[in-house]
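Chemist: I'd like to ask you about the structure that follows.
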Amino acid sequence: MMSPPDTSSVFPLVPHWESDKTSRIPFKVYQGEEQHRKELERFFYKGHWCYVGLEAEIPNPGDFQRSAVGERSVIMVRDMEGRIHVVENVCAHRGMRFCRERSGNRKDFTCPYHQWNYSLSGDLQGVPFRRGVKQDGQVHGGMPADFKLEENGLNKLKVACRGGVVFASFDHDVEPLEDFIGPQVLHYFDRLFNGRRLKILGYNRQRIPGNWKLMQENIKDPYHPGLLHTWFVTFGLWRADNKSQLRMDAHGRHAAMISTRGTGGGAAQAQAVTQVSSFKQSMQLKDPRFLDIVPEPWWGGPTAVMTTLFPSVILQQQVNSVSTRHIQPVGPDAFDFVWTHFGFEDDTEEMTERRLRQANLFGPAGFVSADDGEVIEFSQQGFEQKPFHRAMAELGGREVENTEHMVTETLIRGMYRYWRQVMED
């Protein structure tokens with residue numbers, strides 16, 4: 001049996017791109033610890049805003065929620081004056097990741113190892129034995145005379161809040177959040193987070209054994225739902241013949257996929273949809289309430305908008321189900337995926353039940369999303385089996401541009417054009 005060719009000298013830290021095209025993506029892009037560390041530094045820890053949570057998760061003074069930026073654990077907390085802070089979950093003394101609870105309410109934070117105590121904003125307040133221990137008329141130990149509490153607090157991230165969503169950055173020179181998102185995508189962000197107070201409905205969490213970029217790709221891939229997801233194509237929630245638009249920011253890193261259910265492009269297109277193998281004409285719902293869809297005024301027409309903010313979050317509106325999906329890398333070949341399902345405080349009881357019912361389409365065991373986790377895992381296996389090969393993203397051409405249809409991979413090309421620029425800089 002022939003062994004695969006030795007490619008160790010072919011792929012540098014930033015993989016070779018075929019014919020200078022971002023439409024041909026080397027499998028090495030999804031592998032390698034050294035490259036992964038470079039991605040974390042350049043996309044999660046410098047020059048980018050990352051999602052950490054919703055203000056509604058910490059409604060009261062002292063409330064905190066443990067989150068992550070890249071692979072770094074952070075704490076989102078509301079202080080006693082109502083201000084929101086994000087601090088790194090690493091004690092300034094000996095580096096312990098001191099906060100173990102997922103959420104709670106505190107007046108301060110204390111590291112259990114040596115009892116260093118911090119305010120909710122991350123300032124160091126107390127150090128045991130700072131002035132030593134008095135014994136037999138002498139003082140033993142203690143911190144050096146030039147030790148200052150104000151110079152030894154927790155690492156504080158820069159924080160930006162918009163529409164009830166909390167972002168943070170380790171880079172205090174990062175551009176303003178609104179400039180980072182850009183006006184085209186910000187329009188769809190503000191459509192969902194329009195100032196109404198949010199209400200947390202629940203969480204799903206899963207670990208997916210695939211590279212973190214694959215989830216960004218998946219939600220920048222507008223035509224796979226009508227092929228992969230039986231639920232979507234059969235019940236018309238997301239089909240290639242729906243009226244649709246694809247929009248991205250000037251860099252190609254963020255994107256919005258916009259779809260309007262039930263406004264297909266005519267009988268010919270509808271007939272083409274019924275020919276795909278995932279369409280099951282005989283499929284019926286035992287509980288028809290899963291399709292109890294009630295249009296809401298804030299939609300402004302589209303029945304679904306999927307927004308990807310690179311690198312860390314997906315903002316989902318699929319009919320009445322709304323959620324955030326937080327990407328938390330775990331090495332080059334896995335990531336934790338945290339879904340936060342929410343509604344609005346002025347929702348009726350019936351609308352809250354409707355949002356919860358429709359949320360069954362999503363999450364680790366969702367009627368739709370279970371498919372995505374599986375194909376991402378299988379893709380990662382293929383990359384590792386054939387590391388010298390490449391993926392192709394040429395549907396709709398090789399250009400990067402906004403479109404008025406879904407039959408394209410333009411958003412994926414835009415993301416990798418940006419990825420390549422940053423990684424090769």
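Chemist: Among the residues of the range 373-403, what is the count of those that are farther than 18 Å from H224 by Cβ and aromatic (F, W, Y)?
Modeler: Total satisfying the criteria: 1.
Chemist: Here's a check for you: in the range 62-87, which residue that is farther than 13 Å from A168 by Cβ and among the small types (G, A, S) is least open to solvent (accessible area, probe 1.4 Å)?
Modeler: For the range 62-87, the residue satisfying everything is G62.
Chemist: Those residues that are assigned to a helix (DSSP H, G or I) and either in contact with a His (Cβ under 6 Å, 6 or more places away or on another chain) or buried (at least 16 other Cβ atoms within 10 Å of the Cβ) (or both), I need them from the range 25-52; list them, please.
Modeler: Our first condition is that a residue be assigned to a helix (DSSP H, G or I); within the range 25-52, this holds for 27-30, 33-44.
Listed by number, the residues that qualify are F27, K28, V29, Y30, Q35, H36, E39, L40, R42, F43, F44.
Chemist: Taking strands (runs of 3 or more DSSP E) that do not extend beyond the range 64-126, which have at least 1 residues that are charged (D, E, K, R)?
Modeler: On the way: elements: 72-78, 84-88, 103-105, 124-126.
The qualifying strands (runs of 3 or more DSSP E) are 72-78, 84-88.
Chemist: May I ask you to list pairs of residues, at least six apart or on different chains, whose Cβ atoms are under 6 Å apart, with the first in the range 400-424 being in contact (Cβ under 8 Å) with a residue 60 or more places away in the chain and over 19 Å from N218 (Cβ atoms) and the second being among the charged types (D, E, K, R) and part of a helix (DSSP H, G or I)?
Modeler: Once the first residue is in contact (Cβ under 8 Å) with a residue 60 or more places away in the chain and over 19 Å from N218 (Cβ atoms) and sits in the range 400-424, its partners that are among the charged types (D, E, K, R) and part of a helix (DSSP H, G or I) give V422/R42.
Chemist: Out of contact with any helix residue (DSSP H, G or I) (no Cβ under 7 Å at 6 or more places or on another chain), modelled with pLDDT under 95 and open to solvent by 60 Å² or more (accessible area, probe 1.4 Å) - does that describe any residue in the range 122-130?
Modeler: Yes, the range 122-130 has at least one match.
Chemist: A further question follows. Among the numbered criteria (1) assigned to a helix (DSSP H, G or I); (2) of a type in the set (A, V, I, L, M); (3) open to solvent by 30 Å² or more (accessible area, probe 1.4 Å); (4) more than 30 Å from E33 (Cα to Cα), which one does V407 miss?
Modeler: Looking at each condition in turn, V407 falls short on (1).
Chemist: Here are some conditions: (1) in contact with a helix residue (DSSP H, G or I) (Cβ under 7 Å, 6 or more places away or on another chain); (2) farther than 18 Å from F232 by Cβ. L361 meets all but one. Which one does it not meet?
Modeler: Every listed condition holds for L361 apart from (2).
Chemist: While we're here: Inside the range 301-315, can you point out the residues that are touching a residue at least 60 places away in the same chain (Cβ under 8 Å), surrounded by fewer than 22 Cβ atoms within 10 Å (Cβ to Cβ) and over 30 Å from E33 (Cβ atoms)?
Modeler: A304, the sole residue that qualifies.
Chemist: On the given criteria, is R355 over 18 Å from K220 (Cα atoms) and either modelled with pLDDT under 95 or of a type in the set (D, E, K, R) (or both)? Spell out how you get there, then give the answer.
Modeler: Working: over 18 Å from K220 (Cα atoms): yes; either modelled with pLDDT under 95 or of a type in the set (D, E, K, R) (or both): yes.
In short, yes.
Chemist: For the range 88-98, name all the residues that are in contact with a Phe, Trp or Tyr (Cβ under 9 Å, 6 or more places away or on another chain) and open to solvent by less than 50 Å² (accessible area, probe 1.4 Å).
Modeler: Here is the first cut: in the range 88-98, the residues in contact with a Phe, Trp or Tyr (Cβ under 9 Å, 6 or more places away or on another chain) are 88-94, 96, 98.
Residues satisfying the conditions are E88, N89, C91, A92, F98.
Chemist: Another question, then. Look at the range 324-373 and say how many of its residues are surrounded by 19 or more Cβ atoms within 10 Å (Cβ to Cβ), part of a loop (DSSP other than H, G, I, E, B) and aliphatic (A, V, I, L, M).
Modeler: Of the residues in that region, 1 qualify.
Chemist: Using beta carbons and a limit of 7 Å, which pairs, at least six apart or on different chains, have the first residue in the range 113-127 and under 16 Å from R100 (Cα atoms) and the second one small (G, A, S) and surrounded by fewer than 15 Cβ atoms within 10 Å (Cβ to Cβ)?
Modeler: Short answer, once both residue conditions are applied: N117/G126.
Chemist: Out of the residues in the range 374-404 that are of a type in the set (S, T, N, Q) and either within 16 Å of Y30 (Cα to Cα) or part of a helix (DSSP H, G or I) (or both), state the one that is least open to solvent (accessible area, probe 1.4 Å).
Modeler: Ranking the candidates gives Q380 first.
The values are calculated or read from the model by the stated rules, or taken from the named source; none is laboratory data. The structure presented is a predicted model; accordingly, all values stated were derived computationally and were not measured. Reconstructed Cβ throughout: ideal geometry from the backbone, glycine too, with neighbour counts over all protein chains shown. Quick note on the areas: whole protein, heavy atoms, side chains included, nothing else; ligands and nucleic acids left out. Shrake-Rupley method; radii C 1.70, N 1.55, O 1.52, S 1.80 Å.
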